[in-house]
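Visitor: Pasting in a structure now, in C-alpha cells, and then I'll have a few things to ask.
The values are calculated or read from the model by the stated rules, or taken from the named source; none is laboratory data. This structure is a prediction, so every number in the text was calculated from the model and none was measured. Here Cβ is always computed from backbone atoms with ideal geometry, including for glycine, and neighbour counts include all displayed protein chains.
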Amino acid sequence: MAAIEVTNLVKRFATKGRGRRSLVEAVSGITFSVEDGERLAYIGPNGAGKSTSIKMLTGILHPTEGHATVLGYIPWSERRKLVRHIGTLFGQRSQLWAQLTARQTFRLLARIYRLDDRDAARRIEELGELLEATTLFDVPVKSLSLGQRMRCELTASQLHSPRVLFLDEPTIGLGLVAKQRFREMIVRLNEERNMTVFLTSHDVSDIEYVARRVIVINHGRIIYDDDVSSMRRSLLRTKLLEVRFEEAPRALSLDSVEVLKHSGLGYKLVVHTSQRSIRSVLDELLDDYSVADISVLDPPLEEIITEIYEAPQR
Amino acid sequence: MTRTPYWAAFTDGIRRTMAAPAELAVRIGFFAVILVVFSSLWRAATQANGGVIQGYGYRELLWYVIAAEGCVIATKPRLIEEIGDDIGNGDIAIDMLRPVSVVSFRMAAEMGEAVVRLVCALSLGAVFGLLSVSAPPSLEGLLAALPAALLAVGCNLTMQYSFAAAAFWVEDAKSTWFLYQKLIFLLGGMLLPLELLPESLAGIARLLPFWTTAYVPARLLSGHAEWQLLIVQLGWLIVLVAAALAAFRAGEKRLVVTGG
C-alpha cells in the first residue's frame, strides 16, 4: 500500500524584484509514490524544491496545482488529521521549547496528541531506551549539545507513534559520531515499527546508510528515481582521497587515480572505483610512499547530481 | 477539568513564567515605577483642578491607573513583533505540524503567562493603592473589575494576534506593534480615562475594541460599577477571537516558507 502518493504537484511562489512581481516555480509537476515502510531519500541541490515538496506533503504549504495524499489524507486540507499520524524533524528548526526540559516538552506534546498520561510516560521511557537518550530528558533543552538535542527531537517526533517520518536535513551540523548514531536510530525505528521514512539530506552518507531508494529532484523536476544500490553502482564511480605525505613523493603515479590538486605535502586524489578498488589504491600508497595521514571521502553530492542531471535520458 | 491541549498550554504558560522570576521581577518593578510617577502626576493635576477632573478624584484616578497599567503590562509589549517574526521566518510551520489550532494554542500559552503577571501586578497595585489612598471607591466596582481584568488581557492578546496576522500578507507587518501600542495608550484609555479626551475622540474610542484592554477594568475599579461594560468586553472578545482565527486560517494558506 502506498503511504504517499503525489500526482503532478506544482508550487509557484510570487517574488518581487526591481519593483516587478514574478512567479518562481519551485516544484514543477512531480509524480511519485512511496510504499508503506519504505526508506526514501529525496535529494537535490540547494533550491531544487526538496523542502518545498516536504512542506506540501506535511500540509504547511498549499500547492498551486496537482494532488497528493499522505496516509490517505490530503495534507493541506486535512492537515490537523494528518499530523496525528506523521512525525517531522527539521534539522534547522526545533520543535522543543528551549526554556523547558525535554521531558516537560514531551508531556506537553503528549497532551497535544491527547495521549493518556500513563501511556505517554511509558512511551517516553521506551523511546529513551531505544534512542539511548533517557539521561538527557531532564536537562533544560537550551543546555543540550546539538547531537543530544537531535536525539530529543527524534524522541519528540516519535511520541505519537507516527506511521511516516519526514526528515529535512536532520544531521546538519552534527559531528561524525552523532551523525552515524542518528542514522542507526532512524533505521532501527523503521525496522522495528515499519515506519515509512522520507529523508532529505545533502550528506551522501545519510542517503547511503538510511535510504533504500533515492529520488533526485532538480529545478523542481524529478530527474532520477531508483534504488540506492543501483545508484551506487552506476553513479558513485569515484572516491576522493586526501593524503598527507611525510616527505614529498618524487612522482605520484597510480593506475586509475588522478591528482585533483596538491599543495606542499597534501594531495587530493580522485580514484575511479569502477576501474580499481579503493583498497588496492590504499595498499599501494601505504606500501610505496611514506604517508602521514589519509582519508577517504565520497565526492560531493552536487557532483553526483550533476552527473545524473547531465546523463542521457534513462 | 479536562486536560485538553489548550489547557495544557495555559498551565504550561503559568509554569514557564513562574520559572523565570527575574524577568517577572523586572516587569513588576517597572510597573511600580509607573505607579509612583503617575500617582505624583495625578495628585498634582487634581490639586490644580480643585480636587476633581471630569468626575475623577485623586483616589479614583490612582485606582484607575493601577487597573489600566496592570492589565496592559500583563501582556508582552512586543508580542505582535514576535508573532510577525515567527510568520516571516517560517518558525510558525512547527506549530502547524501539531494537531491543534495554531492561534488558539499560542493564545492559551500567552494567557497562562499573562495571568501570572496580572496577578503580580494587581497585587502590588493593591498594596500601593491601599497605602496611598485607601480601598477602591466601590466594592461592586472592585468585584466587576476582577473578571474585567481577565477579559482585558484576553482582548489584548487576541487583538495582537489579529494585528500580527497581517504578516501573512505584508512583509513588514511586525512593525505595527508600535502603532498598536500608541492606540492602546490613547484610545485604550491606558494613559488617561476616555472622559478626559475630546468628546469626538472619546466617541471614536468607544466604537473601537482598544478600550476593552485598559479603560474598562480601570473604569470599574475607579468606583463606577457599570456591569454593562463586561458585556461589551465579552462581545469584543468573541469578535476578536473570531477575527484572529479567521485571519490565521486565511493566512496559513498563503504562508511562504522557503528553504529548510
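Visitor: Which of the residues belonging to the range B:214-255 are in contact (Cβ under 8 Å) with a residue 24 or more places away in the chain, within 14 Å of another protein chain (Cβ to nearest Cβ) and surrounded by fewer than 19 Cβ atoms within 10 Å (Cβ to Cβ)?
Guide: B:250, B:254, B:255 - these are the residues of the range B:214-255 that are in contact (Cβ under 8 Å) with a residue 24 or more places away in the chain, within 14 Å of another protein chain (Cβ to nearest Cβ) and surrounded by fewer than 19 Cβ atoms within 10 Å (Cβ to Cβ).
Visitor: Continuing with this model, one more query. Name the residues in the range A:92-134 that are hydroxyl-bearing (Ser, Thr, Tyr) and touching a residue at least 40 places away in the same chain (Cβ under 8 Å), would you?
Guide: The answer is A:94, A:101, A:105, A:113.
Visitor: Among the listed residues A:128, A:59, identify the single one that is under 25 Å from the mean Cα position of the chain (by Cα), surrounded by 21 or more Cβ atoms within 10 Å (Cβ to Cβ), assigned by TED's automatic domain parsing to the domain that holds residue A:35 and not acidic (Asp, Glu).
Guide: Only one candidate passes the filter, namely A:59.
Visitor: Run down B:178, B:128 and say which single residue is more than 25 Å from residue A:92 (Cα to Cα) and over 20 Å from the mean Cα position of the chain (by Cα).
Guide: Values: B:178 fails: over 20 Å from the mean Cα position of the chain (by Cα).
Selected residue: B:128, the only one of B:178, B:128 that is more than 25 Å from residue A:92 (Cα to Cα) and over 20 Å from the mean Cα position of the chain (by Cα).
Visitor: Run down B:112, B:129 and say which single residue is within 14 Å of chain A (Cβ to nearest Cβ), farther than 19 Å from residue B:168 by Cβ and in contact with a Phe, Trp or Tyr (Cβ under 9 Å, 6 or more places away or on another chain). Break it down into steps so the answer makes sense when it comes.
Guide: On the way: B:129 fails: within 14 Å of chain A (Cβ to nearest Cβ).
On inspection, the qualifying residue turns out to be B:112.
Visitor: Say whether the condition of being among the polar types (S, T, N, Q) and either within 14 Å of chain A (Cβ to nearest Cβ) or part of a loop (DSSP other than H, G, I, E, B) (or both) is met by at least one residue in the range B:33-50.
Guide: yes
Visitor: Moving on. Please tell me if residue B:118 is of a type in the set (A, V, I, L, M) and in contact (Cβ under 8 Å) with a residue 60 or more places away in the chain.
Guide: No.
Visitor: Given the options B:72, B:65, name the one that is under 13 Å from the mean Cα position of the chain (by Cα), away from chain A (no Cβ under 14 Å) and over 30 Å from residue A:95 (Cβ atoms).
Guide: Residue meeting the stated conditions: B:72.
Visitor: Give the residues of the range A:148-179 that are modelled with pLDDT of 90 or more and not in a helix (DSSP H, G or I), sorted by residue number.
Guide: A:159, A:160, A:161, A:162, A:163, A:164, A:165, A:166, A:167, A:168
Visitor: Let me ask something additional. Go through (1) within 19 Å of residue B:89 (Cα to Cα); (2) in contact with a helix residue (DSSP H, G or I) (Cβ under 8 Å, 6 or more places away or on another chain); (3) more than 10 Å from every other protein chain (Cβ to nearest Cβ) for residue A:101 and report which single condition fails.
Guide: Against the list (1) within 19 Å of residue B:89 (Cα to Cα); (2) in contact with a helix residue (DSSP H, G or I) (Cβ under 8 Å, 6 or more places away or on another chain); (3) more than 10 Å from every other protein chain (Cβ to nearest Cβ), residue A:101 comes up short only on (1).
Visitor: Taking the range A:261-302 as the search range and keeping residues that are of a type in the set (Asp, Glu) and loosely packed, with under 14 Cβ neighbours inside 10 Å, which one is modelled with the lowest pLDDT?
Guide: My answer is A:302.
Visitor: Sticking with this one: For the range A:97-114, which positions are part of a helix (DSSP H, G or I) and of a type in the set (Val, Ile, Thr)?
Guide: Residues satisfying the conditions are A:105, A:112.
Visitor: Now for a separate question. Is there a residue being crowded, with 22+ Cβ neighbours inside 10 Å, basic (Lys, Arg), free of Cβ contacts under 8 Å to residues at least 60 places away in the same chain and more than 10 Å from chain B (Cβ to nearest Cβ) anywhere in the range A:150-164?
Guide: yes
Visitor: Which helices (runs of 4 or more DSSP H) sit wholly inside the range B:153-260 and have at least 3 residues that are of a type in the set (A, V, I, L, M, F, W, C) and modelled with pLDDT of 95 or more?
Guide: Of the helices (runs of 4 or more DSSP H) lying wholly inside the range B:153-260, those with at least 3 residues that are of a type in the set (A, V, I, L, M, F, W, C) and modelled with pLDDT of 95 or more span B:199-207, B:215-221, B:228-254.
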